Amino acid sequence: MAKDTRPVDPSGPLLDIRNLRIEAKVYPPGEAPRTITLVHDVSLSLQKGKVLGLIGESGAGKSTIGLSSMAYGRGGVKIAGGEIILNGRDIRKGGTQGIRALRGREVCYVAQSAAAAFNPAHRLMDQVVEASILHGVASRAEAERRAVALFKKLSLPDPENIGQRFPHQVSGGQLQRVMTAMALCSEPDLIVFDEPTTALDVTTQIDVLAAIKDAIRDTGVAALYISHDLAVVAQVSDEIMVLRHGKLVEWGGTRQIIKEPRQEYTSALVSVHEIEHQEKEPGASPFLSVRNVTAAYGGGKIKVLKNVSVDILPGQTLAVVGESGSGKSTLARAITGLLPPEQGSITFAGRTLSNRLADRSRDDLRELQMIYQMADVAMNPRQTVGTIIGRPLEFYFGMGGRERDAKVAELLEKIEMGRGFVDRYPAELSGGQKQRVCIARALAAKPRLIICDEVTSALDPLVANGILKLLLGLQAEEGVAYLFITHDLATVKSIADSIAVMYRGEVVRYGPKSEVLEPPFDAYTDLLLSSVPEMEIGWLEKAISGRRMASAGN
Amino acid sequence: MSSPILKLIAQRVALGLLLLLAVSVLIFAGTQILPGDVAQSILGQSATPQALANLREELGLNDPAIVRYFRWLGGILTGDLGTALSSRQDIATAIGGRLWNTLFLAFWAAIVSVPLAILLGLLAVRYRNGWIDKTISGLALASTSLPEFFVGYLLVYFFAVKWQIFPGISTVYDGMPFLERMKAIALPATALTLVVLAHMMRMTRAAILNVMQSAYIETAELKGLSPFDIIRKHAFPNAIAPIINVVMLNLAFLIVGVVVIEVIFVYPGMGQYLVDHVAKRDVPVVQAVGLIFAAVYIGLNIIADIAAIVANPRLRHPK
Amino acid sequence: MLDLKRIPVTAWIGLVLTAGFLICAIFAPWIAPYGKGEIVGDVWAPASGQFWLGTDNLGRDLLSRMIYGARTTIFIAVMATALSFSLGSILGLTAAVVGGWLDTGMSRFVDLLMAIPTLIFALVVLSVLPSTLVTLILVMGILDSTRVYRLSRAVAVDINVMDFVEAAKLRGEGKGWIIFREILPNALSPLVSELGLRFIYAVLFLSALSFLGLGVQPPDADWGGMVKENKDGIVFGIPAALIPAAAIAILAISVNLVADWVLNRTTDLKGGRGNG
């Protein structure tokens, strides 16, 4: 092994960032390019072997700060000021050679999407050992031995041979662990984890999270752990730094941040999942019944729904929970008629709905509205908010002129947005506002049921919280029922009256919320429930030891 | 090389052959759309009924179109391309030497333009948004707007007339010494190169840029690799397939560009032969030459697709 | 939205030159100093105060011929582009929205047409058809509509699977609303910039055909035909053929500059960060 000749100051911190200022050039439409500041004079320090969590919403600058420890800026991002002191020297003064020498040696990076971050043309092993060999940390044989040991530690299947595979031959959760092994292979002092579990299913996330945590503990490496999910960060970090709009909000020990937050913004983040929702009585008879529905893609080849039956009660919320591939969105497509079921029937208000969308009456279409996950592609970018909300009014009720405008204004009030938004285009709205406009469009049809397909998944936690509260309020006012599709169990607890848990196209558990969330559980529901990160220190260890069923991805 | 790849390649080749068959139908049909018939158009409005009847008999025009098509196709499959109406020559014999001339010209144009385009494309990516990139892009934009004959006659005007370096008319003959022949095709080959260069370079630039913006390039940068190593180890293996694709598309483009260039330089190739016989309304020649051009074009596209299949790690190493 | 000061210099050059060519084309009889077939001087006389661009192979004023040639070239190219565009975009959008066998059938047929190089197929067809203006426009327009079909179908397929179109379908909107109100406004910018490129292609294609003697027939002449008429002068060092050739190049470059600007302007709408 090559001798380590780095200057080390045993007393100072490993990483000391002082007054970091990061700027980017933006090209706004119809205006001259200008420079905006992404990170405003943020300082942080990290001791050897410690983990600092960086948390914040999108645009908080957390990834940008993380990458600055490698003197790297994406796209037009530039480090404009401040000092980045790593192992006792300012890396910005090291020049290109100096920066290249530290990347992959002193600091390594784990990306959000390992699937995109691995080169599809090379075997995993060649990529894992590349940095070690490049920087002379180890010979090829030694680096490969070390890689296999890391694969074992990260509990990857077949650790001796997995390195011989290509990235596309390995699942997402496993790739994320291989990427962690790649970062650890050259024995760096610091690893930047950039949302490493965000793209994974919840039952896979917990395994990867546990593997990362063990690896950090056993190798004694320090880490910057970046995430938008405070509960996740709390499991792995010694300290947490809360960021917003590129500025520091609060920085403290993990226990202090989640138990005694000092800033209002932090406490909002901590209590984000705590919406009290009283389950409604299941008394009334269902107005929409899905009976033994089976549906498939590809001309019957790929069965995505198997014999599914659920009921929706007037003015209540049925939450359909499952991971990717569980068929939950397909259920919505079957109910709306976009994917006509092969077998089974859907009855709506006492009559059987035609399977095909084209055969349904206008009234049936009106009473069944839908809201999408991605609000920005759910609205025509060339139409104004007024047109978007006004169209259902024209289309279903023949409203026009002033009557329609007044109604649009009323709907805008309902979604807590003002009249001023009527002439705006979707691109001029924030993520939360876009989703609100979509809600107003659905409401305009005076529906009895709104299908909500992952409507909060693409939003930051606080914004998502606002949307959930709005939906609950509207339900109380209008008596509309929701079919709420989500992968997020915390959301389910906040909004559902009854719950259907789906797994590989089947409903594995179904009933009122109180019953579904009470033991005894079936194996899958148990796995799912135990995988949802809780804002508790030590939750991860408890959850792992209590696991009864292997993760669905493995 | 595993069997799924061979199967895909076999499928692609079979599809290409099927396409070629359909193209032959289309080319044949394309010469049948005339509101009178071919005989009338050959002889003109003033032809006597007797002459028309004779010609119809001779061309077999009294048979139904489908019979004539299969007769024609059968001939092609046995190497008989028919007889030219205007000269009474056997078409296959007349084409032989000309096909060789055209391929010779296209070959040298490709030998020069392909490496040059890839090199310039790489330079444009390396110095992206710098003056080299902007100059190259600007020239590319301009040269896609230039008609072939503008480029061709400019070359003739300066190199052949003003400075008298190369001949303005590219006479070649059998048994011509190699260097003489190269001198004769210098100007048409240059013109062809200029015609395809800009387009090929622009597409190469786009293909490489697409690869360079992938997340795995960032990973390589964050491992501390030098820019040269990043291109060599991480960008190049993924850029081969798109670049081969670009090259093949442009070679197909070059094959077509040959038609006009040959006329400019009076070069005895397939293009000149085709144009002459279109003017003479010599349908059998036009059909035969049109089919050969289409076959080359389809063949190049098949090669591009096969290259993409072979270079794709997902297909080479299936799950 | 359209701020004159924000139009880049290159786009200005393109706009001014394109407008100049259009004016020549429209007002040819009033602008041209001599008639288009009028023999006014020696063969291939050099440029002079009397004949600004000299005379051609028959002693006609080259400038006047150029101006009338602009009319022929631009007229045929515009008609062919209009045909290819309306045919290609309507069929392309319809194929994308209707889908099914109609889409498959039309797309396979277009694949087939595109498997033959355009120029070669045009030559095959022109070998039996009479060389008239209508034939030229039809052949050029139909063959080129395959490109427009491909583009508009691809663009529309991308838009058609977006959630806002699905939302309109769920609402129960008809095909007309979906094509014209939901998809078309979003497909317009790539289509408009393609319009410029198709026009350039039509000009180059027509010029190539005429140059080969298969396009516009004498005594009428477009620019490509004028290159053919005067090409024999080149070997004697007379650059008369280069002038119409250069005019084609300048027209094509001007339209290209405008199309490039339109494309950049519309992609600008998305905003976002540049790549430093």
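The values are calculated or read from the model by the stated rules, or taken from the named source; none is laboratory data. All of these numbers come straight from a predicted model, not from anything done at the bench. Reconstructed Cβ throughout: ideal geometry from the backbone, glycine too, with neighbour counts over all protein chains shown.
Does C:V227 count as facing chain B (nearest Cβ under 9 Å), in contact with a Gly (Cβ under 6 Å, 6 or more places away or on another chain), of a type in the set (A, V, I, L, M) and in a helix (DSSP H, G or I)?
no
In region B:10-42, how many are part of a loop (DSSP other than H, G, I, E, B) and either at pLDDT 90 or above or closer than 17 Å to B:R71 by Cβ (or both)?
Initially, region B:10-42 is screened for residues part of a loop (DSSP other than H, G, I, E, B), giving B:31-37.
Keeping just the survivors that are either at pLDDT 90 or above or closer than 17 Å to B:R71 by Cβ (or both) gives B:31-32, B:37.
Total satisfying the criteria: 3.
Given (1) closer than 19 Å to C:A245 by Cβ; (2) assigned to a helix (DSSP H, G or I); (3) modelled with pLDDT under 90, identify the lone condition not met by B:L146.
Exception for B:L146: condition (2).
Going through region A:345-357 one residue at a time, which ones are of a type in the set (S, T, N, Q) and either touching a Lys or Arg at 6+ places or on another chain (Cβ under 7 Å) or surrounded by 13 or more Cβ atoms within 10 Å (Cβ to Cβ) (or both)?
A:S345, A:T347, A:S354, A:N355
Restricting attention to region A:74-99, and to residues there that are free of Cβ contacts under 8 Å to residues at least 60 places away in the same chain and in a loop (DSSP other than H, G, I, E, B), which single residue is farthest from A:G61 (Cα to Cα)? Break it down stepwise before answering.
Keep residues of region A:74-99 that are free of Cβ contacts under 8 Å to residues at least 60 places away in the same chain, which gives A:74-80, A:90-99.
Keeping just the survivors that are in a loop (DSSP other than H, G, I, E, B) gives A:74-76, A:94.
Details: A:R74: 12, A:G75: 14, A:G76: 14, A:G94: 24 Å.
Among residues in region A:74-99 that are free of Cβ contacts under 8 Å to residues at least 60 places away in the same chain and in a loop (DSSP other than H, G, I, E, B), the one farthest from A:G61 (Cα to Cα) is A:G94.
Do you know which of the residues in region B:95-109 that are in contact (Cβ under 8 Å) with a residue 40 or more places away in the chain and either under 10 Å from B:V285 (Cα atoms) or of a type in the set (F, W, Y) (or both) is surrounded by the fewest Cβ atoms within 10 Å (Cβ to Cβ)? Show your work before the answer.
Let us first name the residues in region B:95-109 that are in contact (Cβ under 8 Å) with a residue 40 or more places away in the chain, namely B:95, B:97-99, B:101-102, B:104-106, B:108-109.
Retained after the next criterion (residues that are either under 10 Å from B:V285 (Cα atoms) or of a type in the set (F, W, Y) (or both)): B:95, B:104, B:108.
On the way: B:I95: 20, B:F104: 17, B:W108: 19.
So the residue we want is B:F104.
How do the strands (runs of 3 or more DSSP E) wholly within region A:457-554 filter down when requiring 3 or more residues that are of a type outside the set (K, R) and either at pLDDT below 85 or within 25 Å of A:D229 (Cα to Cα) (or both): which remain? Break it down into steps so the answer makes sense when it comes.
On the way: elements: A:481-486, A:498-503, A:506-512.
Output list reads A:481-486, A:498-503.
Among what's in region A:88-141 and is closer than 27 Å to A:Q174 by Cβ and touching a strand residue (DSSP E or B) at 6+ places or on another chain (Cβ under 6 Å), pick the residue that is nearest to the other protein chains (Cβ to nearest Cβ).
Only one residue tops the list, namely A:Y109.
Conditions first: (1) touching a residue at least 60 places away in the same chain (Cβ under 8 Å); (2) more than 10 Å from every other protein chain (Cβ to nearest Cβ). B:G290 passes all but one, so which condition is the exception?
Against the list (1) touching a residue at least 60 places away in the same chain (Cβ under 8 Å); (2) more than 10 Å from every other protein chain (Cβ to nearest Cβ), B:G290 comes up short only on (2).
Restricted to region A:390-405, and to residues that are within 12 Å of chain C (Cβ to nearest Cβ) and surrounded by 16 or more Cβ atoms within 10 Å (Cβ to Cβ), which residue is nearest to A:D453 (Cα to Cα)? Can you show your working first?
Keep residues of region A:390-405 that are within 12 Å of chain C (Cβ to nearest Cβ), which gives A:391-396.
With the extra rule that they be surrounded by 16 or more Cβ atoms within 10 Å (Cβ to Cβ), the set shrinks to A:391-393, A:395-396.
Values: A:R391: 21, A:P392: 20, A:L393: 23, A:F395: 23, A:Y396: 23 Å.
Ranking the qualifying residues of region A:390-405, first place goes to A:P392.
Which of the following residues is surrounded by 15 or more Cβ atoms within 10 Å (Cβ to Cβ) and in a loop (DSSP other than H, G, I, E, B): A:G49, A:G59, A:G66?
A:G49
Report, by residue number, each residue of region A:69-85 that is within 14 Å of chain C (Cβ to nearest Cβ), of a type in the set (A, V, I, L, M) and either touching a Cys at 6+ places or on another chain (Cβ under 6 Å) or crowded, with 16+ Cβ neighbours inside 10 Å (or both).
A:V77, A:I79
Report the residue count in region B:166-187 for those that are outside any loop (DSSP other than H, G, I, E, B), touching a residue at least 24 places away in the same chain (Cβ under 8 Å) and loosely packed, with under 15 Cβ neighbours inside 10 Å.
1
Kindly check whether there is at least one residue in region C:117-131 that is within 23 Å of the chain's Cα centre (by Cα) and either within 14 Å of chain A (Cβ to nearest Cβ) or surrounded by fewer than 18 Cβ atoms within 10 Å (Cβ to Cβ) (or both).
Scanning region C:117-131, I find at least one residue that is within 23 Å of the chain's Cα centre (by Cα) and either within 14 Å of chain A (Cβ to nearest Cβ) or surrounded by fewer than 18 Cβ atoms within 10 Å (Cβ to Cβ) (or both), so the answer is yes.
Scan region A:86-115 for residues that are surrounded by fewer than 23 Cβ atoms within 10 Å (Cβ to Cβ) and within 18 Å of A:I162 (Cα to Cα) and jot them down.
Within region A:86-115, just A:A115 meets the criteria.
Matching residues to (1) over 21 Å from the mean Cα position of the chain (by Cα); (2) within 16 Å of A:M379 (Cα to Cα); (3) surrounded by 20 or more Cβ atoms within 10 Å (Cβ to Cβ):
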| position | (1), (2), (3) |
| --- | --- |
| A:R419 | yes, no, no |
| A:Y425 | yes, yes, no |
| A:S430 | no, yes, no |
| A:Q433 | no, yes, no |
| A:R436 | no, yes, yes |
| A:K446 | yes, no, no |
| A:I450 | yes, no, yes |
| A:V455 | no, yes, yes |
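Restricting to region C:1-35, give me the number of residues that are at pLDDT below 80 and part of a loop (DSSP other than H, G, I, E, B).
4
Only one residue in A:E323, A:E342 is surrounded by fewer than 20 Cβ atoms within 10 Å (Cβ to Cβ) and in contact with a strand residue (DSSP E or B) (Cβ under 9 Å, 6 or more places away or on another chain). Which one?
Criteria check complete, one pass: A:E342.
Which ones in region C:74-106 are within 14 Å of another protein chain (Cβ to nearest Cβ) and modelled with pLDDT of 90 or more?
The answer is C:A77, C:G105.
Could you please find all residues in region A:308-343 being in a strand (DSSP E or B) and either hydrophobic (A, V, I, L, M, F, W, C) or at pLDDT 90 or above (or both)?
Of all residues in region A:308-343, those in a strand (DSSP E or B) come to A:308-312, A:317-321, A:343.
Of everything in region A:308-343, those that are in a strand (DSSP E or B) and either hydrophobic (A, V, I, L, M, F, W, C) or at pLDDT 90 or above (or both) turn out to be A:V308, A:S309, A:V310, A:D311, A:I312, A:T317, A:L318, A:A319, A:V320, A:V321.
To keep it simple, each residue is scored yes or no on (1) more than 14 Å from chain A (Cβ to nearest Cβ); (2) assigned to a helix (DSSP H, G or I); (3) surrounded by fewer than 19 Cβ atoms within 10 Å (Cβ to Cβ).
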site: C:R150; (1), (2), (3): yes, yes, yes
site: C:D158; (1), (2), (3): no, yes, yes
site: C:A167; (1), (2), (3): no, yes, no
site: C:L170; (1), (2), (3): no, yes, no
site: C:W177; (1), (2), (3): no, yes, yes
site: C:F180; (1), (2), (3): no, yes, yes
site: C:I183; (1), (2), (3): no, yes, no
site: C:L191; (1), (2), (3): no, yes, no
site: C:I200; (1), (2), (3): yes, yes, no
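Looking only at region A:147-190, how many residues end up being within 13 Å of chain B (Cβ to nearest Cβ), surrounded by fewer than 24 Cβ atoms within 10 Å (Cβ to Cβ) and in a loop (DSSP other than H, G, I, E, B)?
Number satisfying all stated conditions: 4.
Being under 22 Å from the mean Cα position of the chain (by Cα) and more than 13 Å from B:I264 (Cα to Cα) is the filter here, so list the residues in region B:158-183 that pass it.
Hits for region B:158-183 are B:V172, B:R181, B:M182.
Which one is farthest from the other protein chains (Cβ to nearest Cβ) among residues in region A:348-389 that are among the β-branched types (V, I, T) and out of contact with any helix residue (DSSP H, G or I) (no Cβ under 6 Å at 6 or more places or on another chain)?
Here the residue is A:T352.
What tally of residues in region B:136-191 results from selecting those that are within 14 Å of another protein chain (Cβ to nearest Cβ) and of a type outside the set (V, I, T)?
30
Can you work out which of the residues in region B:247-281 that are surrounded by fewer than 23 Cβ atoms within 10 Å (Cβ to Cβ) and over 24 Å from C:Y201 (Cβ atoms) is modelled with the lowest pLDDT?
Looking at residues that are surrounded by fewer than 23 Cβ atoms within 10 Å (Cβ to Cβ) and over 24 Å from C:Y201 (Cβ atoms), I get B:R281.
Quick check: anything in region B:211-222 outside any helix (DSSP H, G or I) and either of a type in the set (V, I, T) or more than 9 Å from every other protein chain (Cβ to nearest Cβ) (or both)?
Of region B:211-222, the ones outside any helix (DSSP H, G or I) are B:213-214.
Subset that is either of a type in the set (V, I, T) or more than 9 Å from every other protein chain (Cβ to nearest Cβ) (or both): none.
Scanning region B:211-222 turns up no residue that is outside any helix (DSSP H, G or I) and either of a type in the set (V, I, T) or more than 9 Å from every other protein chain (Cβ to nearest Cβ) (or both).
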